[in-house]
Each structure stands twice: as C-alpha cells, then as structure tokens.
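Novice: What follows is a structure written as structure tokens; I'll ask about it next.
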Amino acid sequence: MKKYSALLFSIFPYVLLLVIILISLRLGTVNVPFRAVLPDHEPDFERIIFWQRFYRISAAFLAGAILSICGAVLQTLFHNPLVSPYTIGISGTASLGATLAHILGWTWHWGFVNSLQFSAFLFALLCLMGMLAFARRRRSDFLLHFILVGIVLNILSGSLILFLRYISDPYEYMVVDRWLMGSIQVLDFSSLLPLLLVFLVTLIYFSYSHIPLDILAYGEEIARTRGVDVYRLQKGCIFFSALAVSIVVATCGIIGFVGLIIPHLIKLTGIIHHRSLLHLSIVYGGCFLVAADTLSRTILSPVELPVGILTSIIGGVIFFVILLNSRERG
Amino acid sequence: MATLSLSPFSFRYRPSDAFQLEAPRLSIPSPSVVGLLGLNGSGKSTFLKILARRLEPEGFSCRLGEEELTELPLSAFARHAAYLPQHIPFFPPYTIEETLYHARYPHNPRLQEEKGEIQKIRHYMDTFQLNPFRGKVLSNLSGGQQKAVMLASIFAQETPLILLDEPFNSLDIPHQWELGEIIQSSLQQNQLIFISSHNLELLFQYTDRVLFFQEGKVPGVYPTAKIPENPSTLEETLQCKVIIEKGQVTKKTRFTYLP
C-alpha cells in the first residue's frame, strides 16, 4: 500500500503537467480541436494555430523549468533562500542590452533572432564573463563578491535604463517596455531551439552534480573535506545557470518570481535532496509557467497580458502566504 | 609504517601581515596522535588548514609514505586526509545516516547502498553512540550532538590522516572521553591524527606527541610523556607558570596554571 502511494506521488507531477498542457492547448482566442494535430487537417489555419500554441507552451515549459532549476541550484550555492536566477545580475544587464539596442536604432532580424534579443543575450553574457574574471582574483570569498557585484550591476543597469528612457521617445520605447514585462512570443520551432538546447545542457550538468550539491549544503569547508572541488562546482553552476537564464531573458523578457517561488514550495514539502529537488523544479516550474501563460492570454482575451506581470502577482501573493505561515509555526 | 614528512615552510595570509607561521622540517611517524598546543592566534588552525590544503604556502611539500599529498586531485586527497574545521556554519536537515553516507562520498561517489557501506555506517553510528537519535535530522540536534555527528562523519571517511580543529569543544564529558578512546583506538588502524585543543589534561591523556606554537613559531615535535620532566617549553608556549602533579586519588596528571 505504501509502495502504491509512493508511485502515485511520483506520477502526480507528470499527470498535472499533462493536464495543464492539454487544457492550455484548448484555451485561447480561437477554439482549436485536438484533431488539428493531423497533417491533413482542414481548415489550414486551425492546424497552424495548434502548432503555434504548441511551440508557445513548450517555450513556457522550458523557460519555467530553467528558471526554477537555476533558482534551486543558486539557492543552495549561496546558502540563501532569497537568491533567484536574477540576483546574479543577469536580468539587469540583459534589460540594459535590449534598451541600448533599441535606443541605438539597432533593428534587424537574423533568422529567428532579433536585435533586441541578441543584444540582451550579449550583455548578459558579457556581464557573466566580467564577473567571473573579477571573482577569479578573489578566490577565497568568491561567492560573496559575485553576489555583491551582481546586485550592483542590477542597480547600475536599472538607473542607466531609466536615463535612456528619459532621453528617448516614450511612444517608441513601448517596444522595449513590453519586452521587459516578459511574455512568451515563441511561435515556431526555430525560436524554441535555443531554449531547448540550453535546457538540455544545463540539465546534463546539474544532474551530473546533484550529489556534490547535496554535500555543499554542509558549507564549503565540509564539502572540501569530502573531496568536492567547491570552487569548480560554484563556477560551473553559475556559468550554466547564467547562460540558461540569459537565453530565457533574451527570448521571453523578465519573468519574475518563478525561480524563487517554485524551489521554495518544493522544499516546503520536505524535499531536500537535489536529485528530487531539481527534478521536481523542472516539472513544477514548467507547469507553473505554462499555466500562468495560458491565464495571461485568456484572462483579458482578446488582449494579451504580459505573463511577467501575472507571475509576479501570483508569486508575490504565494510568497507572502508562505512567510505568514512560517511565522505561525515558529 | 608510513611517515608524514613536511618540508619547512613559512606562510602569511597577506604579504603585509605581521603574523607569519614558520615551521621547520617535520617528520612524524604514523600511527600517532599529535596534539597542537598554543595560545589563541598562535597558528594552530593555520597549520591544520595548510595540512588540509585550504592554504597553500609556496613550495610546500607534504608526503605521507610515498604519496605526495599536495599534488593529488581533491577527490583523491579526500581519501587521504579528513579535516574538521573549528566552525561548521550549516547543519542541513539530513538524517544522521545520510550525513555518514555523505562522508563516504570520496570512496563511494555515487553513494550506492552497498552492504559493506551500510555496515561501515552502522559501525560508526555504534562507535559514536549515535543510535539514540538515529531518526533525527542534523538541524534539530543540539550543538554538542551535531559536533558528535560531524566527528563520526570525519572518522567514517576512513582516511590515514585526520585533522581535528578543537574537536573537544562543546562535547560533554562522557563524549570527550568517548572521543579520546576513539582517537586512541585509531592507533591500531594506522591513522595519524592531529588535534588542536586548549585542554592540557585531555591532550596529555590522549596524545603521544605535541607540537608547540609560539606566535607562529613551531620549535619541533615533543613526546607528550616527556612534558612533566621539562615544562619550560610548555610554560613558554602558554605564557604562564604550570604546576604539574599527580592527583591524590586518581593518580592522573593534573595541570595548574599560575600567573
């Protein structure tokens, strides 16, 4: 009987995911039946919309999964439950990159990438490289410096963006503003591809390091005693999560709170081992963002609400409730 | 029988620091229990950190038998030396068994639940008398209990070299004795143990060699048993007068400090 419930427990996240995806495929401005998946389905537009919706759902899943798995890893790495994937300066610099591209009148498309996304990714990557180079000189308190520089970069980029906004045409700036609010505008496979690749790469790296991450929870000294190369693990985790998150930010803009709230909720259920924590972060993070995205495109239909606004509102409320409850339990 | 041989070295945290740890060439046969004795800030922890490769003085060499420890990859080094730091900042909510399992990581990197591993973990649970709180998680234990679990995990790593920075701190008296007995019994397992402590009685009882630390200088290795005959180095190290006498009832050696 116990085995039975354990099985049920391990299947549940996938059932939930499947249900959310199926619901999400059906909901939208246009009602599309499931048989539109067939290649010879008529009318044509139903098939096209079906696949666009499918890619969008996939992108939402991948973005949510990446954000929450990176959040979970970074929270362990920094021994701090308040760290999110954006704390290390990725979001700020990426936004600055996008804003600059817009102000400089840099508008082009290359395949599925537009200048805004490219510039955002480039800036985030430059920020990461600079921070790694900076932190290299301070190996002993590497993490502390990393996070401080990340916070400073976020603040600095924020104020530079305000300045650029101030001197630019408010109507034209709308494009950047909308992008910054975060929305999943992935309608074909080629725009999904970077997300998919970076997801697979980070997944492989993190699943390879789940035991060292478990041991790192005792602190760096004990982890080193056990033979974990702490410095390399820290650098690796930061590199891969920053890479993945910068792709997410470049593709979907800034989607807040997913990377903070999902690992938290999972840990509240008593899951502390990274094998299950990371695995569930992927599934529930994906579920959460797919559901939020579905809500965002249906709640004000036919107008679409940027999903970043929605996740921040939902996330903020959930976080507040968690905080209130944990106070009660003492 | 292996010998630990250290090249002479000197170490400063920053070039501008006044404090410098200077050690001569040392060679210590294993098995042995070596006590580290000195005032606060005299370099005991720094010495242990250097042995544990947390700090790397230039040109330092540390050989255990034929093996050069400073050149091993970190994962292999963890099979040769285990280091218990003075402060452990985090006690995650793992159970005690899990903590001991994690200690086996250098030998069992996938943490597989093999029969031999399970037996080893049982053995160390028994030795350190952890069975009374076996179902509990580390974060819910008292400070002394946490220390006992971490000590057990250090021994469960089964390394020929064990470095303990103030292991007796925050242990109750029975646990202090327990640890002393375990340290003594490690002599049969060919282990070389370094212990830093301010407790002379414990050091005298459980070590057979002592390293004195005098403001960063290490005069050399002294046999513990010889201390009562010539207490001048001891008094210089502790910067106070020490009266050494046999107890009336227990016949144990007692130390009394006079300003």
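Novice: Please pick out the residue among A:112, A:163 that is modelled with pLDDT under 85 and more than 30 Å from residue B:14 (Cβ to Cβ).
Specialist: Within the list A:112, A:163, the selection yields A:112.
Novice: What's the total number of residues in the range A:2-28 that are in contact (Cβ under 8 Å) with a residue 40 or more places away in the chain and farther than 14 Å from residue A:287 by Cβ?
Specialist: The number of residues fulfilling the criteria is 2.
This table checks each residue for (1) under 23 Å from residue B:123 (Cβ atoms); (2) among the small types (Gly, Ala, Ser); (3) buried (at least 19 other Cβ atoms within 10 Å of the Cβ); (4) in contact with a strand residue (DSSP E or B) (Cβ under 6 Å, 6 or more places away or on another chain).
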residue: B:202; (1), (2), (3), (4): no, no, yes, no
residue: B:208; (1), (2), (3), (4): no, no, no, yes
residue: B:211; (1), (2), (3), (4): no, no, yes, yes
residue: B:215; (1), (2), (3), (4): no, no, no, no
residue: B:222; (1), (2), (3), (4): no, no, no, yes
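Novice: If you go through the range A:246-260, how many residues are at pLDDT below 90 and within 10 Å of residue A:70 (Cβ to Cβ)?
Specialist: Adding up the residues that qualify gives 0.
Novice: Can you tell me which of (1) over 13 Å from the mean Cα position of the chain (by Cα); (2) at positive phi is the one residue A:232 doesn't meet?
Specialist: Unmet for residue A:232, out of (1) over 13 Å from the mean Cα position of the chain (by Cα); (2) at positive phi: (2).
Novice: Looking only at residues that are modelled with pLDDT of 85 or more and of a type in the set (D, E, K, R) in the range A:47-70, which one is surrounded by the fewest Cβ atoms within 10 Å (Cβ to Cβ)?
Specialist: A:53
Novice: Follow-up. Scan the range B:98-126 for residues that are in a helix (DSSP H, G or I) and in contact with a helix residue (DSSP H, G or I) (Cβ under 6 Å, 6 or more places away or on another chain) and jot them down.
Specialist: B:99, B:100, B:102, B:103, B:121, B:124, B:125
Novice: Okay, moving on. Report whether or not residue A:73 is closer than 18 Å to residue A:276 by Cβ and crowded, with 18+ Cβ neighbours inside 10 Å.
Specialist: On the way: closer than 18 Å to residue A:276 by Cβ: yes; crowded, with 18+ Cβ neighbours inside 10 Å: yes.
Yes; evaluated as a whole, the condition is true for this residue.
Novice: Something else: Which residue is farthest from residue A:223 (Cα to Cα), if the candidates are limited to the range B:62-79 and must be within 14 Å of another protein chain (Cβ to nearest Cβ) and touching a residue at least 40 places away in the same chain (Cβ under 8 Å)?
Specialist: Among those residues, the one meeting the criterion is B:69.
Novice: Touching a residue at least 24 places away in the same chain (Cβ under 8 Å), crowded, with 17+ Cβ neighbours inside 10 Å, among the polar types (S, T, N, Q) and in a helix (DSSP H, G or I): is that true of residue A:84 in this structure?
Specialist: no
Novice: Would you confirm whether or not the range A:11-30 contains a residue that is within 30 Å of residue A:238 (Cβ to Cβ), in a helix (DSSP H, G or I) and touching a His at 6+ places or on another chain (Cβ under 9 Å)?
Specialist: yes
Novice: Here are the criteria: (1) in contact (Cβ under 8 Å) with a residue 60 or more places away in the chain; (2) surrounded by fewer than 23 Cβ atoms within 10 Å (Cβ to Cβ); (3) not in a helix (DSSP H, G or I). Tell me which single one residue A:272 does not satisfy.
Specialist: Failing condition for residue A:272: (1).
Novice: Pick from A:205, A:231: which is in a helix (DSSP H, G or I), more than 29 Å from residue A:109 (Cβ to Cβ), in contact with a Phe, Trp or Tyr (Cβ under 7 Å, 6 or more places away or on another chain) and within 14 Å of another protein chain (Cβ to nearest Cβ)?
Specialist: A:231
Novice: Taking the options B:83, B:94, name whichever one is farther than 30 Å from residue B:28 by Cβ and touching a Leu at 6+ places or on another chain (Cβ under 7 Å).
Specialist: B:94
Novice: Among the residues of the range B:136-177, count how many are β-branched (Val, Ile, Thr) and either under 17 Å from residue B:125 (Cβ atoms) or without any contact (Cβ under 8 Å) to a residue 24 or more places away in the chain (or both).
Specialist: 4
Novice: So which residues in the range B:56-66 are in a strand (DSSP E or B) and touching a helix residue (DSSP H, G or I) at 6+ places or on another chain (Cβ under 9 Å), if there are any at all?
Specialist: Taking the range B:56-66 as the starting set, the residues that turn out to be in a strand (DSSP E or B) are B:62-64.
Hits for the range B:56-66 are B:62, B:63.
Novice: Identify all residues within the range B:80-91 that are touching a residue at least 24 places away in the same chain (Cβ under 8 Å) and more than 7 Å from every other protein chain (Cβ to nearest Cβ); write none if there are none.
Specialist: Within the range B:80-91, B:80, B:81, B:84, B:86, B:91 qualify.
Novice: Can you tell me which residue among A:288, A:239 is away from chain B (no Cβ under 14 Å), in contact (Cβ under 8 Å) with a residue 40 or more places away in the chain and surrounded by fewer than 20 Cβ atoms within 10 Å (Cβ to Cβ)? Before the answer, list the steps.
Specialist: Working: A:288 fails: surrounded by fewer than 20 Cβ atoms within 10 Å (Cβ to Cβ).
The match here is A:239.
Novice: Now a separate question. Residue under question is residue A:304, and the condition is that it be surrounded by fewer than 23 Cβ atoms within 10 Å (Cβ to Cβ), in contact (Cβ under 8 Å) with a residue 60 or more places away in the chain and acidic (Asp, Glu); does it hold?
Specialist: yes
Let's see how each residue does on (1) of a type in the set (Asp, Glu); (2) modelled with pLDDT of 90 or more; (3) more than 19 Å from residue B:36 (Cβ to Cβ):
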{"residue": "B:189", "(1), (2), (3)": "no, no, yes"}
{"residue": "B:198", "(1), (2), (3)": "no, yes, no"}
{"residue": "B:203", "(1), (2), (3)": "no, yes, no"}
{"residue": "B:212", "(1), (2), (3)": "no, yes, no"}
{"residue": "B:218", "(1), (2), (3)": "no, yes, no"}
{"residue": "B:227", "(1), (2), (3)": "no, no, no"}
{"residue": "B:236", "(1), (2), (3)": "yes, no, no"}
{"residue": "B:254", "(1), (2), (3)": "no, no, yes"}
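Novice: Please find, within the range A:215-224, the residue that is nearest to residue A:202 (Cα to Cα) out of those that are touching a Ser or Thr at 6+ places or on another chain (Cβ under 9 Å) and within 7 Å of another protein chain (Cβ to nearest Cβ). Before you say what the answer is, go through the steps one by one.
Specialist: Let us first name the residues in the range A:215-224 that are touching a Ser or Thr at 6+ places or on another chain (Cβ under 9 Å), namely A:216-218, A:222.
Filter once more, so that each one left must be within 7 Å of another protein chain (Cβ to nearest Cβ): A:217-218, A:222.
Numbers: A:217: 20, A:218: 23, A:222: 25 Å.
In this case the residue turns out to be A:217.
Novice: Let me ask something else. When only residues in the range B:38-56 that are within 14 Å of chain A (Cβ to nearest Cβ) and charged (D, E, K, R) count, which is farthest from the chain's Cα centre (by Cα)?
Specialist: B:56
Novice: Would you confirm, using the coordinates I've provided, whether residue A:227 is surrounded by fewer than 21 Cβ atoms within 10 Å (Cβ to Cβ) and either modelled with pLDDT of 95 or more or closer than 27 Å to residue B:154 by Cα (or both)? Break it down stepwise before answering.
Specialist: Working: surrounded by fewer than 21 Cβ atoms within 10 Å (Cβ to Cβ): no; either modelled with pLDDT of 95 or more or closer than 27 Å to residue B:154 by Cα (or both): yes.
Here the answer is no, as residue A:227 does not meet what is asked.
Novice: What's the number of the only condition in (1) more than 20 Å from residue A:215 (Cα to Cα); (2) within 13 Å of another protein chain (Cβ to nearest Cβ) that residue B:59 fails to meet?
Specialist: (2)
Novice: Something else about it: State all residues of the range A:136-151 that are touching a residue at least 40 places away in the same chain (Cβ under 8 Å) and either among the aliphatic types (A, V, I, L, M) or not in a helix (DSSP H, G or I) (or both); if no residue qualifies, say none.
Specialist: Residues satisfying the conditions are A:139, A:143, A:147, A:149, A:151.
Novice: If the Cβ limit is 9 Å and pairs must be 6+ apart or interchain, which residue in the range B:203-227 that is among the acidic types (Asp, Glu) pairs with which residue that is surrounded by fewer than 20 Cβ atoms within 10 Å (Cβ to Cβ) and part of a loop (DSSP other than H, G, I, E, B)?
Specialist: From residues that are among the acidic types (Asp, Glu), the pairs are B:215/B:19; B:215/B:39; B:215/B:41.
The values are calculated or read from the model by the stated rules, or taken from the named source; none is laboratory data. What you see is a predicted model, and the numbers here were worked out from it, not measured in a lab. Glycine gets a Cβ as well: all are built from the backbone with ideal geometry, and neighbour counts include every protein chain shown.
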